[in-house]
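First comes the structure, then the notes that go with it.
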Amino acid sequence: MNITFIGFSEAGPAFADVMIRGGATVTAFDLRSLEPEKAADQRAHTARVGARHSGSMAAAIINADIVISTVTVDAALSVAHEAAKHLKQDQVFCDLNSVSPETKLAIRDAIGPSGASFVEAVAMGRTAEGRLPPLLLSGQFAPALARDLRKVGVNVTVASTEWGAAPAAKLLRSVVVKGFEAVLSEALEAAEKTGAREPLLATLADWLPGVDWPVFTKYHLGRMQKHGMRRGAELRECAAFLEALEVSSATTKGAAQRQEQMASGRTFAR
């Protein structure tokens, strides 16, 4: 089975590693490989998991059975339009980006003229510390893709053959998880300024006793500082989704801003 990743930063390599060990041949194309100052690092990043580097999107797609897009939220639709120029009828294009159901449908429509099958996908968890999250799929061709991905070791579930089920679940999860991170970081920053950090962590441990709060807070603050710009963009997609449902998005918009502040260093870095 030949699988191509378009975008190869965090999620792509983690899934590629599992797929390669499961017997798949994986090719990767990332725009950073076209930037002279980043090209060598990107090629090495690809080689570390045993994937093949491709110098263009067209070359990466040509022999693929499955093409998986793992790019940034703001690039997902434009990448689909570009990929559609090279896709053909017997291929599958799977969008694995955390975008709204409406954006997923726009991606489906962009892929449609190529004749390739389209599947919505989301990762229901984090790719960290050797842990690969399960995939949730939706759309007409989701059951067939799920069978293929299971053959190469991926934990995958079909939410529905109807459009929108998988991305809706992912966005609502992000509202909770990334929103909680934002609120937690605000409380911790205030606790640092008032000398209340230890009492705060102690009372949180009483609230949720199964959590190692010092470790938990260090991990999630680090994630915000490293990935806050991307996570902020994802939360803005969440806000647009909530507004389309006539649900207030004020908290989610605030969380998006907080994620971006943490990434830019405009707030505390503990």
Exercise. So which of ALA11, ALA44 is among the hydrophobic types (A, V, I, L, M, F, W, C), touching a Leu at 6+ places or on another chain (Cβ under 8 Å) and either in contact (Cβ under 8 Å) with a residue 40 or more places away in the chain or farther than 22 Å from ALA121 by Cβ (or both)?
Worked result: ALA11
Seminar exercise, completed: Residues of segment 91-103 being assigned to a loop (DSSP other than H, G, I, E, B) and modelled with pLDDT of 95 or more, in sequence order, are GLN91, LEU96
For this session: List the number of the failed condition for ALA83; all other conditions in (1) under 27 Å from LYS253 (Cβ atoms); (2) touching a Ser or Thr at 6+ places or on another chain (Cβ under 8 Å) hold.
Result: (1)
For this session: Would you point out the residue of segment 28-74, among those that are of a type in the set (S, T, N, Q) and open to solvent by less than 30 Å² (accessible area, probe 1.4 Å), that is nearest to the chain's Cα centre (by Cα)?
Result: THR70
Exercise. If the Cβ limit is 6 Å and pairs must be 6+ apart or interchain, which residue in segment 81-98 that is closer than 12 Å to ASN63 by Cα and of a type outside the set (Gly, Ala, Ser) pairs with which residue that is at pLDDT 95 or above and open to solvent by 20 Å² or more (accessible area, probe 1.4 Å)?
Worked result: HIS86/ALA58; LEU87/SER114; VAL92/SER117
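Restricting to segment 183-240, name every residue that is polar (S, T, N, Q), open to solvent by 30 Å² or more (accessible area, probe 1.4 Å) and under 25 Å from ARG173 (Cβ atoms).
GLN225
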Problem set entry | Members of segment 82-112 found to be open to solvent by less than 40 Å² (accessible area, probe 1.4 Å), over 19 Å from ALA146 (Cα atoms) and of a type in the set (Gly, Ala, Ser), listed by number | ALA83, ALA84, SER100, ALA106, ALA110
Exercise. Within segment 130-182, restricting attention to residues that are assigned to a loop (DSSP other than H, G, I, E, B) and of a type in the set (Gly, Ala, Ser), which residue is most open to solvent (accessible area, probe 1.4 Å)?
Worked result: GLY130
Exercise. Which residue pairs have Cβ atoms closer than 6 Å, lie 6 or more positions apart in sequence or on different chains, and pair a first residue in segment 20-37 that is at pLDDT below 90 with a second residue that is assigned to a loop (DSSP other than H, G, I, E, B) and buried (at least 17 other Cβ atoms within 10 Å of the Cβ)?
Worked result: ASP30/GLY7; ASP30/PHE8
Problem set entry | For ALA123: the one exception among (1) within 30 Å of HIS220 (Cβ to Cβ); (2) without any contact (Cβ under 8 Å) to a residue 60 or more places away in the chain | (2)
For this session: Tell me the helices (runs of 4 or more DSSP H) entirely within segment 186-270 that contain at least 3 residues that are under 23 Å from LEU96 (Cβ atoms) and in contact (Cβ under 8 Å) with a residue 24 or more places away in the chain.
Result: 213-244, 250-264
Exercise. Taking segment 1-27 only, how many residues are farther than 19 Å from ASP148 by Cα and surrounded by fewer than 23 Cβ atoms within 10 Å (Cβ to Cβ)?
Worked result: 3
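The values are calculated or read from the model by the stated rules, or taken from the named source; none is laboratory data. Not measured: the values here are computed from a predicted model. Note: ideal-geometry Cβ built from the backbone for every residue, glycine included; neighbour counts use all protein chains shown. Accessible surface areas use protein heavy atoms only, side chains included; no ligands, DNA or RNA. Shrake-Rupley method; radii C 1.70, N 1.55, O 1.52, S 1.80 Å.
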